[in-house]
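S.K.: The structure that follows is given in the form of structure tokens.
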Amino acid sequence: GTSDLAPLDEQAQMLLDLCPNAEKVGLLYCSAEPNSKYQVEEVKKFLIEKGIKEENIKEYAFTDSNDVSAVTTVAAENSDVIYVPTDNMVAENTEIINSICLPKKVPIIAGEAGICGGCGIATLSISYYDLGYLTGQMAVKILKGEEKVSKMPIQYVTDLEKKYNKTNCDELGIVIPEGYTPIG
């Protein structure tokens, strides 16, 4: 199979680069999604390695769409910046998350471009077109009998792009360095 996971250490570094004065980092995600928990744990490890105190990194997990607003409010009140992973529940609730974090002036680094466009300031994103193409190439090899599914390693898209949400960056007064592409 393929994975849509962009390098988590690079996403965490983006958080540090774009919000260098942040001391308190919130990690907002849905606890019902194991992939999100994994991403949050890896980002947390990296941030600690880079000097953010462990006690200043807090996880804010919601269980479903019913508590997104309440959990996001607590996260925004207690964070200088928030990281959200590639998370389906976050993706479905970006409008709610944005309506809470943006007025409180809390920037969000997102795990992918769709979420970033809804509530973030920046992301390190893959192309889902390229991911589909890569998946198709793998399927052809399987169908031709050239590869066995059980023996194929997980494939990743390697062409990553730094993207930013101009509207949210302008609202928060965040200047994005060269090398980023606007979403939209």
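Bear in mind that the values in this text are calculations on the coordinates, not laboratory data. All figures in this text were calculated on a predicted structure; none of them were measured in a lab. Note that each Cβ is placed from the backbone with ideal geometry, even for glycine, and that neighbours are counted across all protein chains shown.
S.K.: Could you list, in their original order, any pairs among Lys141/Lys162; Lys24/Lys45; Lys105/Lys163; Lys44/Lys162 whose Cα atoms are separated by more than 23 Å?
M.R.: Lys141/Lys162
S.K.: With label points built 7 Å along Cα→Cβ from the Cα atoms of Lys105 and Thr63, find their separation and express it in nm.
M.R.: Using points 7 Å along Cα→Cβ, the separation is 3.6 nm.
S.K.: Let me know the Kirkwood hydrodynamic radius for the chain, please, with Cα pairs as the basis and the value in Å to one decimal.
M.R.: It works out to 16.9 Å.
S.K.: With a Cα-only, solvent-free Debye model of the range 1-109, what are the log10 I(q)/I(0) values at q = 0.18 Å⁻¹?
M.R.: Log10 I(q)/I(0), no solvent term: -0.83.
S.K.: In whole Hz, what ³J(HN,Hα) sequence does the range 20-27 give by Karplus (6.51, -1.76, 1.60; θ = phi - 60°), x for Gly and Pro?
M.R.: x, 8, 5, 10, 10, 10, x, 10
S.K.: Take the Cα pairs of the range 132-182, get the Kirkwood Rh, then feed it into Stokes-Einstein at 10 °C and 1.306 mPa s and tell me D in µm²/s.
M.R.: Approximately 112 µm²/s, per Stokes-Einstein.
S.K.: For the range 54-103, what is the convex hull (Cα atoms) projected area averaged across all directions, in square nanometres?
M.R.: For the Cα atoms of the range 54-103, the hull's average projected area reads 3.5 nm².
S.K.: Which residues in the range 82-106 have a backbone N closer than 18 Å to a point placed 7 Å from the Cα of Ala32 along the Cα-to-Cβ line?
M.R.: Under 18 Å, as judged by backbone N against the label point of Ala32, lie 85-97 of the range 82-106.
S.K.: List every residue whose amide H lies under 5 Å from the amide H of Asp80, counting only residues 5 or more places away in sequence or on a different chain, with H placed 1.01 Å from N in the peptide plane.
M.R.: Placed amide hydrogens put Glu23, Lys24, Val25, Gly26 under 5 Å from Asp80.
S.K.: I would also like to ask the following. For Asn21 and Asp159, what is the calculated FRET efficiency with R₀ set at 35 Å and r taken between the beta-carbons, to the nearest 0.05?
M.R.: Working from the Cβ atoms, E equals 0.65.
S.K.: What full-extension length gain, to one decimal in nm, is calculated for Lys53 and Glu178 as 0.36 nm per residue of separation minus the Cα-Cα distance?
M.R.: Contour length minus the Cα-Cα distance gives 42.1 nm.
S.K.: Now a separate question. Can you give the percent of C-alpha pairs in the range 78-177 whose distance is more than 22 Å?
M.R.: Counting every Cα pair in the range 78-177, those more than 22 Å apart make up 42 percent.
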